[in-house]
Structure formats: C-alpha cells, structure tokens
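What follows is a single structure, written as structure tokens, with notes after it.
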C-alpha cells in the first residue's frame, strides 16, 4: 500500500494543481457520503477508522495536503481503496 501511495503522489505531481484540487474534493465528498451512509458522525468515524477528528474534517472538506496513508486507512475502513490504472496511452 505504501508503494501505491508514492506512485499516486508521483502521478499527481504531473497533473495541474487545479485538477488535483478537484480530485481531492471528489474523494472527500465520496468519503463523507460513505460515512453518512454507514450512520456515523465524524467523531465516531474518526475513532473507528483510527484517525483524528481534524483529519476527517479536512479530508471531507477536500484539503489537498492530507496524508495519503491516512486516506487509504479511512478508505480501507470503509471497504474501498484508491487505485492507479493505466489510461491506455503509451
């Protein structure tokens, strides 16, 4: 999982910052929707996922400087993951 995080960071390093902001907002919104669907408030979610409340709030707000290992930890708790796939261009 650690290697995937670094690969994602390297890939994100090549995309325009504006696009990266949109990606993080989308991830944050998706995590918020999954959390609410699970019937958890941010406090309980943070405890169960093993992250801090501040991190959950920043993640759901789409902050671009969150740690990717913690993002993966939260997604793993929710039964999801980030994936890097080739887009077919060589």
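The values are calculated or read from the model by the stated rules, or taken from the named source; none is laboratory data. Keep in mind that what you see is a predicted model, and the values were worked out from it rather than measured. A quick note on method: Cβ atoms are made from the backbone with ideal geometry, for glycine too, and the neighbour counts reach across all protein chains shown.
Checking 39, 79 one by one, the residue that is in a loop (DSSP other than H, G, I, E, B), at pLDDT 95 or above and exposed (fewer than 11 other Cβ atoms within 10 Å of the Cβ) is 39 and no other. Which of the residues that make up segment 42-76 are part of a loop (DSSP other than H, G, I, E, B) and on the phi < 0 side of the Ramachandran plot? If the condition is that a residue be part of a loop (DSSP other than H, G, I, E, B) and on the phi < 0 side of the Ramachandran plot, then 51, 52, 61, 63, 64, 65, 66, 67 are the ones that fit.
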